[in-house]
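Each remark here refers to the structure printed beneath this line.
The values are calculated or read from the model by the stated rules, or taken from the named source; none is laboratory data. None of these values were measured; they are calculated from a predicted model. Neighbour counts are summed over all protein chains in view; Cβ atoms, including those assigned to glycine, are modelled from backbone coordinates with ideal geometry.
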Amino acid sequence: MSATILLAQALNGLQLAMLLFLLAAGLTLVFGIMDLINLSHGTLYMMGGYFAATVFQVTGSFWLAMGTAVPLAFLLGVALELLLLRHTYRRSHLDQVMVTFGVMVFFEDLVKLLWGNASQRLATPTLLQGQVELMPGVVYPIYRLGVIALGIVVVVALYLFVQRTRLGMLIRAGASNRRMVSALGVNIDLLFTLVFGLGAALAGLAGAVVGPVSSVEPGMGNHALILSFVIIVVGGIGSIRGALVAALALGLIDTVGRALIAAALHEFLPPAMASGITPALASTLLYVMMAAVLVLRPSGLFPAPGR
């Protein structure tokens, strides 16, 4: 395999990692602070994509579509938390799974009712159209570089928010010991609502950004939800740093690993057979990584303090 192909795959892995981080960061905070198993998180990702696609169809502006999808996803998350999920905090994890699974099924049917089964796609904004030559022989889409840059900006913003603000301090404390935070007089219900809304906004942002890369369609959040759970298990529940490291590892394994496996299999197998086996083996690597982390560090690579 040439160095140019390997570099392109590494950039694809970095772009995938940034999208997965947007999803997993909110989910790990919800799980770590609220102790809520939220199977509806992928639904918020899907709804962010549909919010953005609808606004784009009306206005023709990608930037307005993305800027609208994030607050709408935040409001949807807040509404779900206040009206439904808040009543599950003191119930078993099985009850939470059943309720959030019901939310997921409801919104998938709602999407099919309102938008139909056909997939939708956002056009790449004019500013980010085309490709750029990173080095001789390596040409890469500008939009994908923009996704990487956006992910880095969100990583830095989340770090400053969690580490340098009073609300971030409460979130870190809640991830470590939410009972103590509540005992100190903090309005834990309001904190839960804000955390869930933040997670929903990040998921909605990911759904809007992925529009020009892949299609927006019913059920698009299901696979993303599975990958997000892998990330929080590997990185550690309640850990933003863990979510980032795990997302980077997963993104690179999925893309670079897939390319390396394909190159190796083509040496020994017919092209059609090698192409058919490669996706399954690449996906297996992700779960092998998760199993190895669970054996060596059951709490994840960077668990939140107190876990």
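Among the residues making up region 60-118, those that are closer than 21 Å to Leu150 by Cβ and among the β-branched types (Val, Ile, Thr) are Thr68, Val70. In the set Val105, Val99, only one residue is surrounded by 15 or more Cβ atoms within 10 Å (Cβ to Cβ), without any contact (Cβ under 8 Å) to a residue 60 or more places away in the chain, within 17 Å of Leu44 (Cα to Cα) and of a type outside the set (Asp, Glu); that residue is Val99. Filter region 126-140 for residues that are touching a residue at least 40 places away in the same chain (Cβ under 8 Å) and of a type in the set (Gly, Ala, Ser) and give the result. Scanning region 126-140 gives a single hit, Gly137.
Taken across region 207-226, residues that are touching a residue at least 60 places away in the same chain (Cβ under 8 Å), buried (at least 21 other Cβ atoms within 10 Å of the Cβ) and out of contact with any Gly (no Cβ under 8 Å at 6 or more places or on another chain) do occur, with at least one present.
From the set of residues in region 125-143 that are within 15 Å of Gly211 (Cα to Cα), modelled with pLDDT under 90 and part of a helix (DSSP H, G or I), which is nearest to the chain's Cα centre (by Cα)? Ranking the candidates gives Leu128 first. As for region 157-168, it holds no residue that is touching an Asp or Glu at 6+ places or on another chain (Cβ under 8 Å), closer than 14 Å to Ala25 by Cβ, assigned to a helix (DSSP H, G or I) and of a type in the set (Phe, Trp, Tyr).
Taking the options Arg297, Arg307, name whichever one is at pLDDT below 75 and of a type in the set (Lys, Arg). On inspection, the qualifying residue turns out to be Arg307. Can you spot a residue in region 46-60 that is closer than 25 Å to Leu301 by Cβ and in a helix (DSSP H, G or I)? Among the residues of region 46-60, not one is closer than 25 Å to Leu301 by Cβ and in a helix (DSSP H, G or I), which makes the answer no. Counting only residues that are part of a loop (DSSP other than H, G, I, E, B) and under 22 Å from the mean Cα position of the chain (by Cα), region 96-124 holds 5 of them.
Each residue in region 178-224 was checked for being of a type outside the set (Val, Ile, Thr), over 19 Å from Val78 (Cα atoms), assigned to a helix (DSSP H, G or I) and out of contact with any Phe, Trp or Tyr (no Cβ under 6 Å at 6 or more places or on another chain), and 8 of them qualify. Of the set (1) under 30 Å from Leu145 (Cβ atoms); (2) touching a helix residue (DSSP H, G or I) at 6+ places or on another chain (Cβ under 7 Å), all apply to Thr54 but (2).
Of the residues making up region 277-298, those that are over 13 Å from Ala259 (Cα atoms) and in a helix (DSSP H, G or I) are Thr284, Leu286, Tyr287, Val288, Met289, Met290, Ala291, Ala292, Val293, Leu294, Val295, Leu296.
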